[in-house]
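Q: This is the structure I want to talk about, given as structure tokens.
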Amino acid sequence: MQIARDELISRDVPVPSLVETPVADTTPAQSRGRVICLTRFSTPTEAHILCARLAAEGIATVAGDANLLQANWLWTQAIGGVRVLIHEVDLVRAREILQTFQRGDFALAEDEPA
């Protein structure tokens, strides 16, 4: 935690006293409604990156068929890619995050370290 704090200070970013991290909804899946496909990707890596972003925003998500296509990448076209699955009740917020993701708003600048 101290390393992150030092990094923020070195970049002249105000350091908040308390950072609240969104927590994925822990309501049982049965009461959250249907599971639907938000989008598809041709690689598991892309799907996992979006899933991580959605989880950081508090949206429960799964990269469907990611393990299958990681092991059998030639099947990608036949399977239809890796599905990013969410609960239907999260669709509006998830689409907003997906649009932000596709615009590249989360991308690092060329000179910005990862």
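Q: Can you name the residue in the range 9-38 that is part of a helix (DSSP H, G or I) and within 23 Å of the chain's Cα centre (by Cα) and, of all such residues, is modelled with the lowest pLDDT?
A: Taking the range 9-38 first, the residues part of a helix (DSSP H, G or I) are 9-10, 29-32.
Subsequent filtering for residues that are within 23 Å of the chain's Cα centre (by Cα) retains 29-32.
On the way: A29: 56, Q30: 60, S31: 68, R32: 75.
Among those residues, the one meeting the criterion is A29.
Q: Taking into account only those residues within the range 82-96 that are part of a helix (DSSP H, G or I) and under 13 Å from A60 (Cβ atoms), which is nearest to the chain's Cα centre (by Cα)? First the steps, then the outcome.
A: First pass over the range 82-96, keeping only residues part of a helix (DSSP H, G or I): 88-96.
Retained after the next criterion (residues that are under 13 Å from A60 (Cβ atoms)): 88-91, 93-94.
Working: E88: 16, V89: 17, D90: 13, L91: 14, R93: 12, A94: 9 Å.
The residue in question is A94.
Q: Then there is this: Write out, first by first residue and then by second, each pair whose Cβ atoms fall under 6 Å of each other, whose residues are 6+ apart or on separate chains, and whose first residue, in the range 60-89, is under 16 Å from L50 (Cβ atoms) while the second is polar (S, T, N, Q).
A: L69/T76; G81/S42; V84/T39; I86/T61
Q: Looking only at residues in the range 76-114 that are exposed (fewer than 14 other Cβ atoms within 10 Å of the Cβ) and of a type in the set (A, V, I, L, M), which one is modelled with the lowest pLDDT?
A: A114
Q: Give me the pairs: first residue in the range 40-52 and loosely packed, with under 15 Cβ neighbours inside 10 Å, second residue in a loop (DSSP other than H, G, I, E, B), beta-carbon distance under 6 Å, and six or more apart or on different chains, which are they?
A: Going by the 6 Å Cβ cut-off, the qualifying pairs are S42/G81.
The values are calculated or read from the model by the stated rules, or taken from the named source; none is laboratory data. Only a predicted model underlies this, so the values are computations on that prediction, with no experimental measurement involved. With ideal geometry, Cβ positions are generated from the backbone for all residues, glycine too; neighbour counts draw on all protein chains shown.
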